[in-house]
Each structure stands twice: as C-alpha cells, then as structure tokens.
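Read-outs: derived from the displayed coordinates by stated rules, not from any lab. Predicted model only: the values in this text are computed from it and were never measured. For neighbour counting, all protein chains shown are included, and Cβ atoms are generated from backbone atoms with ideal geometry for every residue, glycine included.
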Amino acid sequence: MASFKNTISTLFQLSTTAPCLFLKSRTHIFYISLLLLSIVFLSTSLTERSPTALALALASRLRFAANYFSSVSSSNTCLVSDIQSNCTLSSVTIIETTPRNSVIDGSFAIRNLSSCDIFDGNWVLDDSDPVYRPGSCPYVDDSFNCFKNGRVNFSYVKYRWKPFGCQIPRFNGRKMLEMLRGKRMVFVGDSLNRNMWESLLCSLRESLKDKTRIFEVSSRNELKNQGFHSFRFRDYKCSIEFIKSPFLVQELNFSDKTGIRRETLRLDMIQGSKYKDADIIVFNTGHWWTHQKTNKGNHYFQEGSHVYNRLEVKEAFTKAVTTWAQWVDSNIDRNRTRVFFRGYSASHFK
C-alpha cells in the first residue's frame with residue numbers, strides 16, 4: 001500500500017509543477033501516453049510484475065518527471081508548446097524521416113529501453129507520416145475531433161517524443177496486435193482515457209489491410225447509457241474496450257426522506273466486475289476531482305452509511321485511490337493481468 005500512497009502524492013506533485021508542455025491540446029497528452037504504454041508493454045512480459053510493484057516503479061518515474069518538468073524552464077530546449085511563443089522552428093531538433101515500414105532495429109532498441117529513462121527527453125520534429133492521418137479514423141468522437149472541428153494547423157502530428165539516452169522504435173500496430181492476440185484490454189477512467197482508447201484503436205486499425213476486420217461490439221449509445229464501449233479485431237480475437245468511471249469508485253443515486261434525488265460518491269466501493277477478468281487494464285482518474293464536479297465537497301462523499309457534511313477533495317481523492325489499490329491487490333490475478341495507472345496533466349482545455 002505504501003507504493004500506491006507514493007503514487008498518489010506524486011500525481012499531485014506532477015499536476016502542480018508541470019508547465020505548459022501539455023496545455024495546448026489533448027492530442028499531446030494521449031500521444032505521449034500511448035507511446036509510454038506501448039514501450040512498457042513491448043519491453044516486458046504481461047506477468048513480470050505485480051500491480052503493487054508496477055505502481056512503485058510508476059511512482060518513481062512520475063517523481064522524476066515532476067522534478068524534470070519543474071526545472072525545464074531553465075533549459076534551452078524548445079518544446080512543442082513553446083513554438084507559438086518564445087521559440088522558433090530553427091531551435092527545435094529536427095531528425096531524419098522514419099519510414100513507415102522501418103523497424104529501427106526494434107529488438108535492439110527495446111533491449112536498450114531497460115536501461116533508459118524514457119521520461120528524460122523532449123519533443124522533436126519528425127517529418128515521417130503520422131500513424132494515422134487527422135480525419136481518417138471513424139472512431140474519434142466529434143467532440144474530440146480536431147479535424148472535424150475546423151483546426152487548420154496540423155503541425156502537431158509532426159512531433160514525437162525522444163528520450164535523451166535511447167532510440168524508441170516506431171509504433172508497430174501489427175506487432176502489438178500479435179501480442180494482444182486472444183486478449184482483452186480495457187481502459188477504465190475519464191475522457192482522457194477515452195481519448196487514449198480511441199487513439200489506440202485508430203493506430204491499430206491503420207495497421208490492418210482490411211479495415212472491415214475490426215467491428216463494434218457495443219454502440220455509442222451503450223457508452224452513453226451504460227458507460228461501456230468495445231471493439232474487436234476478428235483475426236486476432238482480441239478486444240479493446242472503454243469503461244467510463246471518472247472517479248474509479250462508485251457513484252450512487254438515491255432519494256432522500258423528502259423524495260429529492262441525491263447523488264453521492266462511495267469512496268469505499270468500486271464496481272470492478274466488468275473488467276476483473278481482463279488481461280490488461282489501464283486506469284486513470286484526476287480531472288473530475290474538482291469542486292465543480294463534486295458539489296464542492298458538501299454532502300457528496302460517502303463511506304459506508306456515513307455521508308460527510310464536508311470533505312476536502314484531496315482527502316476524498318486519497319481515500320478513493322486507496323480503495324482502488326486495495327481492490328487491485330485483492331482481486332487481480334498478478335499471474336494473468338497487467339495493471340497500469342496513468343498520471344494526469346495540468347489543465348489542458350482551450
């Protein structure tokens with residue numbers, strides 16, 4: 001449990017110290033998240049670490065990232081978010097084009113990742129084609145679709161994350177699908193995890209010659225009404241799913257003694273039956289833990305039969321993630337299921 005507490009405190013540190021690296025667009029957030037998830041997934045086996053051990057390693061990495069981001073303003077590195085302000089394109093590192101079918105000696109690169117700090121690096125220009133082109137994927141919801149919403153500047157797709165100490169192989173959708181063969185991968189969380197889920201679906205879909213070999217198991221209406229959406233890759237017998245759970249713990253609706261409908265958040269309860277048997281689970285939470293989303297902490301948070309008159313959001317968040325961690329340790333088969341807990345960025349809305 002100490003490892004999860006370290007993770008929790010580190011998430012708060014990172015959220016308060018991260019500068020403008022991710023301020024401009026959600027795109028940067030789920031691109032780097034997808035990149036980091038792919039690296040961890042490719043470089044280790046699914047049964048190598050327990051959820052607790054993985055959280056301990058994640059806490060260490062996040063702590064490093066928090067320290068790095070807080071000091072990056074003193075560096076001469078030109079980041080993506082600086083292009084429109086105090087940087088020029090000439091000050092951004094430009095690397096050679098990476099062909100779509102290039103492996104960059106993938107096996108050698110993956111072996112080197114074990115001794116590389118992938119969080120220590122920066123965004124660099126890359127003239128390679130993106131994994132999928134803006135507007136080409138039907139799985140991106142309209143509200144998240146920059147192309148459909150009229151964005152005219154697509155230079156952001158020409159950047160990739162480059163660690164200082166190693167070379168990351170280009171995302172290989174077919175290789176990832178082979179590794180996912182016969183497995184179930186589930187994203188559980190808020191809209192940031194939904195963004196990542198959609199982006200991963202689009203990236204994997206792009207690797208298929210026959211795009212009809214991926215089909216929708218559940219509809220968008222089911223996501224709206226039941227908080228569940230799933231796609232399946234026929235030839236690989238694997239599914240990629242999203243379950244909406246922005247707090248991770250259970251939201252409840254009930255009527256009080258006067259008949260008025262009330263909502264509470266059960267900080268001691270988690271509804272994990274829908275994803276308990278998954279092979280890979282990616283959790284996230286964070287941006288819903290605000291006074292605007294939690295009724296300002298008044299008569300909203302509940303443990304057992306007790307509803308707090310007032311509880312600070314940070315304390316409620318800690319209780320909720322502790323409940324989640326205990327559920328993972330008690331219910332997840334470490335020999336079968338790999339668990340990821342994503343951090344969250346500073347505010348990123350435009």
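So, by mean Cβ neighbours within 10 angstrom, what's the order for 137-146, 310-319 with the highest one leading?
Numbers: 137-146: 14.4, 310-319: 16.3.
Those peptides, ordered most packed to least, come out 310-319, 137-146.
Stretched out fully, how many nm does the piece from Lys276 to Asn112 gain, at 0.36 nm a residue minus the Cα gap? Show your work: numbers first, answer last.
Working: separation 164, 0.36 × 164 = 59.04 nm, distance 3.29 nm.
In short, 55.8 nm is gained.
Going 7 Å from the Cα of Asp142 in the Cα-to-Cβ direction, what parts of the stretch 195-214 have a backbone nitrogen less than 20 Å from that spot?
Answer for the stretch 195-214: 195, 198-199.
Would you mind checking the stretch 253-285 for residues with the amide N under 15 Å from a putative spin-label position 7 Å along Cα→C-beta of Asn331?
Only 266-284 pass the distance filter.
For Lys237, list the aspartates and glutamates whose Cα falls under 18 Å from its own Cα; do not include residues on the same chain fewer than 8 positions away.
Result set, ordered by chain and number: Glu178, Glu206, Asp210, Glu216, Asp277, Asp279.
For a quick check: sort Thr290, Thr285 by the number of other beta carbons within 10 angstrom, fewest at the front. Before the final figure, lay out the partial values.
Working: Thr290 11, Thr285 24.
Lowest to highest Cβ neighbour count: Thr290, Thr285.
Would you mind putting 150-156, 114-120 in packing order, based on average other-beta-carbon counts within 10 Å, highest first? Show your work: numbers first, answer last.
Numbers: 150-156: 11.0, 114-120: 14.7.
So the order, starting with the most tightly packed, is 114-120, 150-156.
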